[in-house]
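These notes are about the structure you will find just below.
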Amino acid sequence: GSNTGTVSNCTVKGSVSGTINSSYSYPYTSGIVGYNAQTGKILDCISEAEITSHTWDYPRASGIAGCNDGIISGCEASGLIVGDGWYTSPIIELAGITIKNNGQIINSTYIGKTQCQLVVENNGNIM
């Protein structure tokens, strides 16, 4: 889902799974929110969940938010992050915090077992 307000002091455990059967969806499967809008704030949240994106094509999975246009601060993700596409794309985007950052990421980390970047595409600020 999308966040336009504030999500704070939450912990996510268990598993989050996204399965899309369309090559045009380009979905984000994430631990806290799929999209953090410009007005959105994700503060002091923890995701221990296993995140799995299983899509027709071009899977994207991340620990905190799929796309961040707002603020992510004081967050930590530690779960396994997995993605697979079953049609044509060899591209699988996995990120500890967010796939695409256009906002601010402050004092946030990924300490999980998946070998991945903190952010796949950064057009914002990471502090």
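Take residues that are open to solvent by 10 Å² or more (accessible area, probe 1.4 Å) and tell me which of the strands (runs of 3 or more DSSP E) falling wholly in region 10-71 contain 3 or more.
Values: elements: 15-20, 33-36, 41-43, 50-55, 60-62, 65-68.
Answer list for region 10-71: 15-20, 33-36, 50-55.
Counting only residues that are assigned to a loop (DSSP other than H, G, I, E, B) and of a type in the set (A, V, I, L, M, F, W, C), which one in region 92-115 is farthest from TRP56 (Cα to Cα)? Steps first, please.
Filtering region 92-115 down to residues assigned to a loop (DSSP other than H, G, I, E, B) leaves 92, 102-103, 107-108, 111-115.
Checking the rest, the ones that are also of a type in the set (A, V, I, L, M, F, W, C) come to 92, 111.
Numbers: ILE92: 11, ILE111: 28 Å.
Here the answer is ILE111.
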Item checked: Residue satisfying all of: in region 114-125; loosely packed, with under 15 Cβ neighbours inside 10 Å and touching a residue at least 12 places away in the same chain (Cβ under 8 Å); farthest from THR52 (Cα to Cα) among these -> ASN125
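Within region 30-63, how many residues are touching a Lys or Arg at 6+ places or on another chain (Cβ under 7 Å) and at pLDDT below 90? Spell out how you get there, then give the answer.
Step one: filter region 30-63 for residues touching a Lys or Arg at 6+ places or on another chain (Cβ under 7 Å), giving 48-49, 53.
From what is left, the residues that are at pLDDT below 90 are 53.
Number of matching residues: 1.
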Next item on the list: Could you tell me whether any residue of region 100-113 is among the hydrophobic types (A, V, I, L, M, F, W, C), surrounded by fewer than 23 Cβ atoms within 10 Å (Cβ to Cβ) and at pLDDT 95 or above?
Entry: yes
Note to self: Between SER73, SER30, SER78, which is under 18 Å from GLY112 (Cβ atoms) and touching an Asp or Glu at 6+ places or on another chain (Cβ under 8 Å)?
What the structure shows: SER78
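The values are calculated or read from the model by the stated rules, or taken from the named source; none is laboratory data. Fair warning: this is a prediction, and the values are worked out from it, not measured in the lab. Note that we place each Cβ from the backbone using ideal geometry, even for glycine, and neighbour counts take in every protein chain shown. Surface accessibility is based on the protein's heavy atoms, side chains included, excluding ligands, DNA and RNA. Shrake-Rupley method; radii C 1.70, N 1.55, O 1.52, S 1.80 Å.
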